[in-house]
1. So which residues in region 90-107 are part of a strand (DSSP E or B), open to solvent by less than 20 Å² (accessible area, probe 1.4 Å) and aliphatic (A, V, I, L, M), if there are any at all?
2. Exactly one condition in (1) closer than 30 Å to Arg145 by Cα; (2) in a strand (DSSP E or B); (3) modelled with pLDDT of 90 or more is not met by Arg110; state its number.
3. Select from region 54-74 the residues that are open to solvent by 40 Å² or more (accessible area, probe 1.4 Å) and not polar (S, T, N, Q) and write down the one among them that is modelled with the highest pLDDT.
Amino acid sequence: MYLIISRKVVGNLSSREQSMRRVTAINHGTVIDHIPAGSALIVLKMLGIDGSMSNPVSLVMNVPSKKMVSKDIIKVEDRELTQAELDRLALVAPNASVAIIRAFSVAEKRQINIGEEVMNVARCSFANCVTNGEREPLTHRLKVRTVEPLSLRCHYCGRAQDIGALIENLI
């Protein structure tokens, strides 16, 4: 994995824009924008991006944002996120936007929506939940109680879920 962060000063940019970090454009891949500040490393872990792959990954953290106070951005070259990966991403960055890039242009733009229930994304964090037994092949269902802040409850045992523990229990 390469971390590509570059500074570019171009033409008539304001001093604020000149001081901001710029990341190189990608030919083909995925851009994940509006990740909550400081959460980009968790998103990389959730997507299985650990440095063992050969395609470049650009990561920018704590960038000023108009929508948010600050945000993180991830660019992954030569990889388009699947719907299953987007469902995982909703646990950490439910308001992130995903752009699929082809030939240096945005081919598709996707919003992440968590919905009312998260299915087969993570196991219940309660060790004695019926879903954690090997003899019970049940669908892993987590009910969304609130989106901001994200609060989930297991459909089967009714226990509130810790988001950090859920990230460790991803399917």
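The values are calculated or read from the model by the stated rules, or taken from the named source; none is laboratory data. Not measured: the values here are computed from a predicted model. We place every Cβ from the backbone using ideal geometry, glycine too, and count neighbours over all the protein chains shown. Note: accessible area is taken over every heavy atom of the protein model, side chains too, but ligands, DNA and RNA are not part of it. Shrake-Rupley method; radii C 1.70, N 1.55, O 1.52, S 1.80 Å.
1. Val98, Ala99, Ile100, Ile101
2. The number of the failed condition is (3).
3. Met61
For (1) surrounded by 18 or more Cβ atoms within 10 Å (Cβ to Cβ); (2) in a helix (DSSP H, G or I), each residue gets a yes or a no:
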| position | (1), (2) |
| --- | --- |
| Val118 | yes, no |
| Ser125 | yes, no |
| Glu134 | no, no |
| Thr139 | no, no |
| Leu142 | yes, no |
| Arg153 | no, no |
| Cys157 | no, no |
| Leu166 | yes, yes |
